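What follows is a set of notes on a single structure, which appears directly below.
Values quoted throughout were computed directly from the atomic coordinates according to the rules given, and no laboratory measurement underlies them. Computed from a predicted model, the values in this text were never measured in an experiment. Ideal geometry is used to build each Cβ from the backbone, glycine not excepted, and the neighbour counts take in all protein chains shown.
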Amino acid sequence: MNLTEDHVVNSLRRTWQPVSNSADLPAGKVIAYTLLETRLVVTRFADGKLLAADSACPHKAADLSKGCHRNGKLMCPYHGWEFSADGNCQSIPSLLEPNAEKLALSHLVSYVIQERYGYVWVKLDNRPLADGKPHELPEVPEFENPNWTYVMGPPMTFAAGWRREVENYLDMTHFAFAHAGSLGLCADPRIRDMKITVHPDGGYQMDAPFPALETTHELQGKLQSAHHRLQRSYLPNFTTIRQTFTDGDERVLVHIPSPNTRETSTCFWSVSISPGFKGPPAEKQVEFAIGVLDEDRLMCEQQSPREIPINPGRGGWGVLVTPGDTLANTFQKQLRRWLLVQHDSPTE
């Protein structure tokens, strides 16, 4: 069966997707975010409650993300209509006594929202997935362990689809080239065999050493040095990498490319660092990671088309080599299987 991008969008609407770092949404802040082609207003009220809703005001479709907080409510910038955290219209300034029916008709189209792991997450469709269960976030204990140092990275927008970013993040063979000036200073373009395991939930993981050169004339830093990678992907787009260094230090990273449109995405990411980590301080690690991610962005944005086709063409998803492309190919196959199950679900 040929899937369409509509199938992709409709399936991902039933999953949690990040729309902001929590720290970037203090009380009173109002932001705009496009998630799966849906324009949202996202805001935090003084009592900490969060709201995610269609950005068009129900009155004259003014952009609520251009509004502000007034009297403890979200106020539309056009005619001053006010809305509470549950999306109820509380005030229509042009009416001295607005009737209950008019207020009820003016309720915002709002969505479920939550905070976890330092992110604000939104689900556009709260119906369960094909297995009858609602989509839940994966458990990553290191992100909530006070003994580890957990730091958030600044989200980065890609002029490329979310599947491009996932495939880039899974790729072990581009380090020596796309990251020649950073992470790839000590990378070997040849990689050793990797162990790939498919899990019952449809996700998959890779066990493999980072392809570090055994001898190099470059000054090798801790983050570029030999380490083991346990890479776990949860469908559709939540990926963690556990790095275990030769001295026993560990880092756990996460990448979640949040789909904005069919050809653009925003990569949300963070890293948790084991206690007593012998290497660069957390702020330097974030600075280094920003540079690496920006190199990835440039690679993704120069690929054509901007998004990886959801259906393999003649010859599959390109000319593939093993073991280098095995993990990315696993992603494509498992994602298609997941999408087909969602498409066949009676809730579709």
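With a Cα cut-off of under 29 Å and a minimum spacing of 8 residues unless on different chains, the lysine pairs in segment 141-343 number 5. Assuming charge only on the beta carbon of Lys and Arg (+1) and of Asp and Glu (-1), the dipole of the chain about its Cα centre is about 380 debye to the nearest 20.
Between the residues Ala180, Pro155, Pro323, the greatest Cα displacement towards the positive end of the dipole of the chain, with unit charges on the Cβ of Lys, Arg, Asp and Glu, is found for Pro155. Evaluating 6.51 cos²θ - 1.76 cosθ + 1.60 at θ = phi - 60° for every residue in segment 270-281, the Karplus couplings come out as 7, 9, 10, 10, 5, x, x, 4, 9, x, x, x Hz, glycine and proline recorded as x. Dipole size of segment 141-343 about its Cα centre, with +1 on Lys/Arg Cβ and -1 on Asp/Glu Cβ: approximately 600 debye, rounded to the nearest 20. Three semi-axes describe the equivalent ellipsoid of the chain; taken as square roots of 5 times the Cα gyration tensor eigenvalues and ordered largest first, they are 40, 24, 17 Å. From least to most packed, judged by other beta carbons within 10 angstrom and beginning with the fewest, Tyr117, Tyr78 follow the order Tyr78, Tyr117.
Say we join alpha carbon atoms closer than 10 Å with springs in a Gaussian network model of the chain; which of Cys267, Cys300, Cys89 then has the biggest fluctuation? Greatest mean-square fluctuation among the candidates belongs to Cys89. Annotation for segment 98-188: GluC sites (Glu not before Pro) lying in DSSP loop with at most 16 further Cβ atoms inside 10 Å of their Cβ are Glu136, Glu139, Glu144.
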